[in-house]
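Everything on this sheet refers to the single structure shown next.
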Amino acid sequence: MHDLFFRYHVIIDLLNGNSKVLTNFKNAYIFATVKIPDLVYYEVLRGFEYTDPKNLKSAFENFVSRCGIEYMSIETLRESAKQYADLKRHGITISDDDILIGSLAIEKKLSSLPTVQNILSI
């Protein structure tokens, strides 16, 4: 088994019952351990703190308690800073959250997420 990270929009789609995302999640869950990057946890939670018309915050917290949170290390932050600087030198701007999560995926050697260098081709 390998770890699989979910981004903000995938978690929201899961919580909202998107059938395609639910099917893909069930298939992926068989072969992977799902982890929530700490930054994604923050992104989802801040949205629910602002507004939660469907009362999904408790479902989200339950989901996270089953999956677990993957925390960024100082190495992740250093690699993210290097990636940001390198991309900026080449005139490329990528959001901090994408760089941080991409660097975390690289550090954890996840093959399921694109590397920061490959984000450009998406």
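The values are calculated or read from the model by the stated rules, or taken from the named source; none is laboratory data. On a predicted model such as this, the values are computed, not experimentally measured, just so you know. When we count neighbours, we look across all protein chains shown, and the Cβ atoms used for this are built from the backbone with ideal geometry, even at glycine. Please note that ligands, DNA and RNA were not included when accessible areas were found on the heavy atoms of the full protein model with its side chains. Shrake-Rupley method; radii C 1.70, N 1.55, O 1.52, S 1.80 Å.
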Tell me the per residue accessible area of the chain using a 1.4 Å probe; a whole number in Å² is fine. 62
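Taking Cα pairs under 8 Å and at least six residues apart, what relative contact order does the chain come out at, in percent? Don't skip to the answer; put the middle values down first.
Details: 106 pairs, mean separation 32.7, N = 122.
Taking the mean separation of contacting Cα pairs over the length of the chain, I get 27 percent.
Under Stokes-Einstein, with the Kirkwood radius over Cα pairs standing in for Rh, what whole-number D in µm²/s applies to the chain at 10 °C and 1.306 mPa s? Intermediate values should be presented prior to the final figure.
On the way: Rh = 15.3 Å.
Result for D is 104 µm²/s.
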Could you give the C-alpha radius of gyration of region 24-76 expressed as a fraction of 2.2 N^0.38 Å, taking N as the number of residues it contains? 1.28
Please report, as a whole percent, how much of the solvent-accessible surface of the chain comes from carbon and sulfur atoms (probe radius 1.4 Å). 55
Net charge over other residues, Cβ less than 15 angstrom from the Cβ of residue 17 (K, R count +1; D, E count -1): +2
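Give the calculated FRET efficiency between residue 97 and residue 33 to the nearest 0.05, with a Förster radius of 25 Å applied to their Cβ-Cβ distance.
Working: r = 22 Å, r/R0 = 0.87.
Calculated value: 0.70.
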In debye to the nearest 20, how big a dipole does the chain give about its Cα centre with +1 on each Lys and Arg Cβ and -1 on each Asp and Glu Cβ? 260
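May I ask for the net charge around residue 52, where only other residues with Cβ less than 13 Å from the Cβ of residue 52 are counted and Lys, Arg are +1 while Asp, Glu are -1?
Numbers: positive: 46, 54, 57; negative: 49, 61.
Residues near residue 52 contribute +1 overall.
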Restricting to lysines and to Cα separations under 18 Å from residue 35, and discarding same-chain partners fewer than 8 apart, the set is 26, 57, 108, 109
